[in-house]
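Engineer: The following block contains the structure, expressed as structure tokens.
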Amino acid sequence: MSKHILVLPGDGIGPEVARIAVDCLKAAASAEGVSLTFDEAPFGGAGLDACGKPLPEETLDKARSADAVFLGAVGGPKWDDAPERPEKGLLALRSELGLFANLRPVKVFAGLEGLSPLKADRVAGADLLIVRELTGGLYFGEKREGRETASDLCTYSADEVARIARVAFRAASGRRGKLTSVDKANVLATSRLWRSTVNQLAPEYQDVTLDHMYVDATAMKLVTHPSAFDVILTENLFGDILSDEAAVIAGSLGLLGSASLGEGGPGLFEPIHGSAPDIAGQDKANPSGAIASAAMLLRFGLGEARAADRIEAALQAQLKSGRTTADIGGSLGCRAFGAEVCERLAS
Ligand code: NAI
Ligand code: MG
């Protein structure tokens, strides 16, 4: 049976990198005998232009009935004075699809260690995945705002912890089998519930080695020994901070992809960069983050691990060849880079 992918090209460089991701999906699927169908819908600024809303109803309906959703990027100065910001569409889409798990892999590619602001020998071999809880915790708790005092309530239920922990255990099982659960259990009650819930699940995943680390220690170790991590599991606030910290390790925004997963419904797959209005329309965008997101779509969205492996290997080989886009020291345009990755996918 064929699987259906909704593509939301979005704004700025979004459509440029989304086109490459779709080409890669088609090439990998055909090489592995996977059948995919595609549709497109307006979203973000493009949604505002077409329908007056960043998330038009028809786009949401199409997203709900797809097997996976791929997003380029949204936003840009053109919509600064629009009635709603394009980015609001993204928050609405995440919440409508019930996406509670955010996956951000960080990989330092062989030959590209020099891009990192950290010393090359420190970051060499770093290949980690951050699994962040996305719909609970401090950001969604009761807020009280007074003139003299203010508070934000942090709540987690054991069920909320268990469902994100299962995503992380499964991801670790498909990788190097090492899971680090990050909390602040020495001071926070929610962290103690987090830790005991994760511990209770551990026996179900015999091939995964679990350890726990405090968030402050994790923040240090990410920059001193990033290659020591495989999968990091953490709650919303800690994950927001750690995933941005970890993204810097690779050295370029253009290299990294992400996935947001829900229960049952389609996941959302997108590069971590924005719409880059400064280089939009100039064929300068690095499509690597979009290509990496396409691999995640196959792995986590459709369960097609072999096609995902194929894309990751092709991207890695292309980056290693030095034939890259200008942001990481090469001289290829977005389209030429994408075409060379697709050639590798077919062979
Ligand atoms: P940005 O990620 O778009 O750009 C930051 C810098 O990195 C720019 O100099 C850009 O040229 C460069 N860059 C980003 N991606 C690149 C790529 N693939 N290849 C080469 N260079 C790349 O972040 P910025 O400038 O803060 O935001 C621009 C717009 O994007 C804003 O409207 C913002 O709200 C939106 N945005 C959207 C996101 C999304 O769709 N998920 C995420 C972040 C920002
Ligand atoms: Mg953030």
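Engineer: Using a basic spin-label model with each label point 7 Å from the Cα along Cα→Cβ, how many nm lie between Asp283 and Ser30?
Structural biologist: For Asp283 paired with Ser30, the spin-label model returns 2.2 nm.
Engineer: Which whole-number percent is the relative contact order of region 81-140 (Cα, under 8 Å, 6+ apart)? Write out the running numbers ahead of the final one.
Structural biologist: Working: 49 pairs, mean separation 22.7, N = 60.
For region 81-140, the relative contact order is 38 percent.
Engineer: Next question, about the same structure. Subtracting the Cα-Cα distance from 0.36 nm times the residue separation, let me have the gained length for Arg323 to Ser347 in nm, one decimal. Show your work: numbers first, answer last.
Structural biologist: Working: separation 24, 0.36 × 24 = 8.64 nm, distance 1.77 nm.
That pair, Arg323 and Ser347, stretches by 6.9 nm at full extension.
Engineer: Suppose we take every Cα in region 243-310 and form the convex hull; what volume per residue is that in Å³? Could you put the intermediate results ahead of the total?
Structural biologist: Values: hull volume 7.5 nm³, N = 68.
Per residue, the Cα convex hull of region 243-310 comes to 111 Å³.
Engineer: Which percent, nearest 5, of DSSP beta bridges in region 117-250 are antiparallel?
Structural biologist: Numbers: 3 of 17 bridges.
Within region 117-250, antiparallel bridges account for around 20 percent of the total.
Engineer: Using C-alpha positions alone, give me the convex hull volume of region 117-250 per residue in cubic angstrom. Don't jump to the answer; show the numbers that get you there.
Structural biologist: On the way: hull volume 15.0 nm³, N = 134.
Dividing the Cα hull volume of region 117-250 by its residue count gives 112 Å³.
Engineer: List every residue whose amide H lies under 5 Å from the amide H of Gly72, counting only residues 5 or more places away in sequence or on a different chain, with H placed 1.01 Å from N in the peptide plane.
Structural biologist: Leu8, Gly10
Engineer: When the chain is fully extended, how far beyond the present Cα-Cα distance does Phe38 get from Ala336, taking 0.36 nm per residue of separation?
Structural biologist: On the way: separation 298, 0.36 × 298 = 107.28 nm, distance 2.25 nm.
Going from the current span to full extension adds 105.0 nm.
Engineer: In whole Hz, with x marking every Gly and Pro, tabulate ³J(HN,Hα) for region 213-225 from phi via Karplus 6.51 cos²θ - 1.76 cosθ + 1.60, θ = phi - 60°.
Structural biologist: Karplus-based 3J(HN,Hα) across region 213-225 equals 9, 6, 5, 5, 5, 5, 4, 6, 5, 4, 9, 8, 9 Hz.
Engineer: Given the -39500 (n - 2.57) contribution per DSSP H run of 4+ residues, what per-residue ellipticity at 222 nm results for the chain, rounded to the nearest 500 deg cm²/dmol? Write down the numbers at each step before the final one.
Structural biologist: Working: 12 runs with 143 residues, N = 347.
Per the formula, -13000 deg cm²/dmol.
Engineer: Go through region 84-97 residue by residue and turn each phi into a ³J(HN,Hα) via Karplus (6.51, -1.76, 1.60, θ = phi - 60°); whole Hz please, and just put x for glycine and proline.
Structural biologist: So the Karplus estimates, Gly and Pro as x, are 10, 7, x, 4, 4, x, 5, 4, 5, 5, 4, 6, 4, 8 Hz.
Engineer: Please list 3J(HN,Hα) in residue order for region 62-74, calculated via the Karplus relation 6.51 cos²θ - 1.76 cosθ + 1.60 where θ = phi - 60°; whole Hz, with x for glycine and proline.
Structural biologist: 5, 5, 4, 9, 7, 7, 7, 10, 10, 10, x, 6, 10
Engineer: Please report the spacing between the Cα centers of region 47-104 and region 187-243 in Å, no decimals.
Structural biologist: Distance between centres, Cα-based: 30 Å.
Engineer: Grab the Cα-Cα distance for Glu57 and Ile241, subtract it from 0.36 nm times how many residues apart they are, and report the gain in nm with one decimal. Write out the running numbers ahead of the final one.
Structural biologist: Working: separation 184, 0.36 × 184 = 66.24 nm, distance 3.24 nm.
Roughly 63.0 nm would be gained on extension.
Engineer: With the chain treated as a Gaussian network of Cα nodes joined by springs under 10 Å, which of Thr149, Thr197, Thr324 yields the largest mean-square fluctuation?
Structural biologist: Maximum fluctuation in the GNM of the chain, among the listed residues, is at Thr149.
Engineer: Using only the alpha-carbon atoms of region 1-91, report the extent along each of the three principal axes, biggest first, to the nearest angstrom.
Structural biologist: 47, 24, 19
Engineer: Using the alpha-carbon centroid of each, what span in Å lies between region 113-175 and region 283-335?
Structural biologist: 25
Engineer: Relative contact order of the chain: what whole-number percent is it, with Cα pairs under 8 angstrom and at least 6 residues apart?
Structural biologist: On the way: 757 pairs, mean separation 81.2, N = 347.
Value for the chain: 23 percent.
Engineer: Here's a follow-up. Mean 1/r over all different Cα pairs, inverted: what Kirkwood radius does the chain give, in Å? Show your work: numbers first, answer last.
Structural biologist: Numbers: mean 1/r = 0.0485 Å⁻¹.
Here the Kirkwood hydrodynamic radius works out to 20.6 Å.
Engineer: Checking the table Lys26/Lys284; Lys62/Lys88; Lys221/Lys284; Lys178/Lys221; Lys53/Lys107; Lys88/Lys184 against a 27 Å threshold on Cα-Cα, which pairs fail?
Structural biologist: Numbers: Lys26/Lys284 23 Å; Lys62/Lys88 18 Å; Lys221/Lys284 34 Å; Lys178/Lys221 16 Å; Lys53/Lys107 36 Å; Lys88/Lys184 31 Å.
Distance filter (> 27 Å) returns Lys221/Lys284; Lys53/Lys107; Lys88/Lys184.
Engineer: What percent does the relative contact order of region 117-250 come to when contacts are Cα pairs within less than 8 Å and at least six residues apart? Don't skip to the end; give the middle numbers.
Structural biologist: Values: 212 pairs, mean separation 52.7, N = 134.
The normalised contact order for region 117-250 reaches 39 percent.
Engineer: Glu40's amide H: which non-local residues (gap 5+, or another chain) put their own amide H closer than 5 Å, with H modeled 1.01 Å from N in plane and none for Pro or chain starts?
Structural biologist: Excluding prolines and chain starts, which carry no amide H, the hits are Val7.
Engineer: Sticking with this structure for a sec: Can you give me the distance in nm between label points at Leu188 and Arg147, each placed 7 Å from the Cα along the Cα-to-Cβ direction?
Structural biologist: 3.2
Engineer: Oh, and also: Among bridges DSSP assigns within the chain, what percent are antiparallel (round to 5)? Mind dumping the intermediate values first?
Structural biologist: On the way: 17 of 45 bridges.
Around 40 percent of the beta bridges assigned by DSSP in the chain are antiparallel ones.
Engineer: Ok, one more. Plugging the Kirkwood radius over Cα pairs into Stokes-Einstein for region 38-86, at a temperature of 20 °C and a viscosity of 1.002 mPa s, what D comes out in µm²/s? If you can, show how the numbers build up before the last one.
Structural biologist: Values: Rh = 11.1 Å.
It diffuses with D of about 193 µm²/s by this estimate.
Each reported figure results from applying straightforward, stated rules to the coordinates on display, with no laboratory input. Owing to the predicted nature of the structure, the values given are computational and were not obtained by experimental measurement. FYI the Cβ positions are ideal-geometry reconstructions off the backbone, even for glycines, and counts take in every protein chain you see.
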